[in-house]
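Here's the structure, in C-alpha cells; my notes come after.
The values are calculated or read from the model by the stated rules, or taken from the named source; none is laboratory data. This structure is a prediction, so every number in the text was calculated from the model and none was measured. Note that we place each Cβ from the backbone using ideal geometry, even for glycine, and neighbour counts take in every protein chain shown. For the accessible areas, the whole protein counts, side chains as well, though only heavy atoms, and no ligand, DNA or RNA atoms are used. Shrake-Rupley method; radii C 1.70, N 1.55, O 1.52, S 1.80 Å.
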Amino acid sequence: MAKRLNNQNTVGDVLKHIIEANKLQTGLNQIDVREAWKNLMGNGVNSYTQDVVLKGNILYVALTSSVLREELSHGKSKIIAMINEELRRDVVRDVVLR
C-alpha cells in the first residue's frame, strides 16, 4: 500500500518522495547535466557537440572537432567542477571526450 504523507509536508518533500519512490533521479540527472553543458559551454562549443550522455557518474561528450577535444581535455577537472557547481550537487566525477 502507498505511504501516506501528512499535511505537514511541503510540495518539495512530496516531489522528493515521488522521485525516490519511482527511481527517477538518474533520468533527471541526465537532463540536468545536458542542460548545464549547454549553458556553461556556450554556442562555440555547442556547435561542435554531437551528444552529451551521463552514465553513472561519468559524462560522455561526443565532439566533431579533434582540436576542441584536445583543448577541453586539458580542463576536465574544471569542467567537472563547473557542472557540479551549476547543479549544486556532485553528479559528475569524470568526463570522457570522444
Heavy-atom accessible area per residue, the chain, 1.4 Å probe: how many Å²? 73
Nearest 10 degrees, 0 to 90: what angle lies between the long axis of helix 11-21 and the longest principal axis of the chain (Cα atoms)? 80
Could you tell me the calculated FRET efficiency between residue 94 and residue 22, based on Cβ-Cβ distance and R0 = 22 angstrom, to the nearest 0.05? 0.20
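Considering only protein heavy atoms and a probe of 1.4 Å, how much of the accessible area of the chain is carbon and sulfur, as a whole percent?
49
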Distance in nm between residue 46 and residue 66 label points, each 7 Å along Cα→Cβ, equals 2.8
Inter-site label distance for residue 84 and residue 9 at 7 Å from Cα along Cβ, in nm: 3.0
With each run of n ≥ 4 DSSP H residues scored as -39500 (n - 2.57), what mean residue ellipticity at 222 nm is computed for the chain after dividing by its residue count and rounding to the nearest 500 deg cm²/dmol? -17000 deg cm²/dmol
Enumerate the amide H contacts of residue 95 below 5 Å, restricted to partners 5 or more residues apart or on another chain; note that Pro and chain-start residues carry no placed amide H. 59
Report, to the nearest 10°, how far helix 76-87 tilts away from the longest principal axis of the Cα atoms in the chain, using its own Cα long axis and a range of 0 to 90°. 30
Across 5 Å bins from 0, what is the distribution of all Cα-Cα pair distances for the chain, in whole percents? 2, 12, 21, 21, 13, 9, 7, 6, 4, 3, 1, 0
